[in-house]
Amino acid sequence: MSLRTTADKNNRVTLIDKISKLKEERNAVILVHNYQPGEIQDIGDFIGDSLGLSRIAAQTDADVIVFCGVLFMAETASILCPNKTVLLPDINAGCPMADMATAERLRQKKSEMPNASVVCYVNSTAEVKAESDVCCTSANAVEVIASLDAEEILFVPDQHLGHYASTQTNKNIVLWPGFCPSHMLIQPDHIIQLKQQHPQAKVIVHPECRHNIIALTDETLSTSGMCRYAQKSDAREIVVGTEIGIIHRLKKENPGKTFIPAYKGTICPDMKLTTLEKVARALETLSPEIKVPEDIRLRAKASVDKMLAVSK
């Protein structure tokens, strides 16, 4: 082992010890999204998808929430936990797809579709949630849409999740032209080639993938759904079509199985901004803090609450 490798390892151990002590002092909980770097997942109190983590946060007695994810996730935690201090280790960790829908543009579109119900994917800003009728996740989009009386649905911001939901319902769904740049990197040739190389493998993908990718796979699942599938499936090899950070968790929870990324370049740069140093600094300084203004929070929370009432 080189001197540099030893120094790096010692530095990680020191940082992890520091984080552990600060967490206890601050009465903090560390929430980590499935796409985060492996070393961040390893220090998390809870690992999961964005909404599931925020629901956990609301149920804990922690005073401080360190959300290792991106901005809209920390905002959702603030929406559900107004009396807690919510920290995002890197303030620059955003979401390109969430930024593709703004409250102003959504208000304009709503005026053009007065009879439509607005279903908002949780991967959106607090302001967009506040302008929506109900939120949804990748796991419950179909269930949420089916629960609505309206026959016309405006789905924001992810056109691919919206398209997938449209194949499962008879509603008229108008799609916002948003997308996840990372999931767009997965091409049909990637799936076809891997199926040829691993004929016994099952192929699972996230519904943020394009419909021509979904058509080639065995299951279309949210990140939490992928984790459940991996544990229950008899398959020894599973091709995984989503951000590659989840592979760390899948391998850790299923040591006897092989997980193959559909495309190794499916990386969200924003998700990789979180580091041990930044987590320690956030706990030490109690910043950057994410606080949704109360007027926006209350309207956004109404959209989230309607979803929770549908999908317990």
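Of all the numbered requirements in (1) surrounded by 14 or more Cβ atoms within 10 Å (Cβ to Cβ); (2) under 25 Å from Tyr164 (Cα atoms); (3) not aromatic (Phe, Trp, Tyr), His248 misses one, and that requirement is (2). How about the range 227-285: which of its residues are among the aliphatic types (A, V, I, L, M), touching a residue at least 40 places away in the same chain (Cβ under 8 Å) and more than 14 Å from Val205 (Cβ to Cβ)? Scanning the range 227-285 gives Ile267, Met271, Leu273, Leu276, Val279, Ala280, Ala282, Leu283.
Residue count for the range 169-201 satisfying the condition of being under 13 Å from Ile214 (Cα atoms) and part of a loop (DSSP other than H, G, I, E, B): 2. Looking across the range 108-149 at every residue that is among the hydroxyl-bearing types (Ser, Thr, Tyr) and in a loop (DSSP other than H, G, I, E, B), the one that is nearest to Ser166 (Cα to Cα) is identified as Ser138. Selection of helices (runs of 4 or more DSSP H) fully inside the range 210-253 by the criterion of at least 2 residues being β-branched (Val, Ile, Thr) and closer than 16 Å to Ser138 by Cβ returns 211-214. Among residues of the range 193-216 being in contact (Cβ under 8 Å) with a residue 60 or more places away in the chain and touching a His at 6+ places or on another chain (Cβ under 8 Å), the one that is surrounded by the fewest Cβ atoms within 10 Å (Cβ to Cβ) is Pro207.
Suppose we filter Leu308, Leu283 for residues that are more than 18 Å from Met97 (Cβ to Cβ), modelled with pLDDT under 95 and either hydrophobic (A, V, I, L, M, F, W, C) or in contact with a Leu (Cβ under 7 Å, 6 or more places away or on another chain) (or both); which single one remains?
The conditions single out Leu308.
Evaluating Val279 against the criteria (1) aliphatic (A, V, I, L, M); (2) outside the structural domain of Asp17 (by TED's automatic domain parsing); (3) more than 27 Å from Phe179 (Cβ to Cβ) leaves one unmet condition, (2). Can you list the helices (runs of 4 or more DSSP H) lying wholly within the range 30-107 that have 3 or more residues being under 22 Å from Thr242 (Cβ atoms) and at pLDDT 95 or above? Because the criterion is at least 3 residues that are under 22 Å from Thr242 (Cβ atoms) and at pLDDT 95 or above, the helices (runs of 4 or more DSSP H) in the range 30-107 that meet it are 38-41, 71-80.
The values are calculated or read from the model by the stated rules, or taken from the named source; none is laboratory data. Quick caveat, the model's predicted, so the values are computed rather than measured. Neighbour counts run over all protein chains shown; Cβ positions are idealised from the backbone, glycine included.
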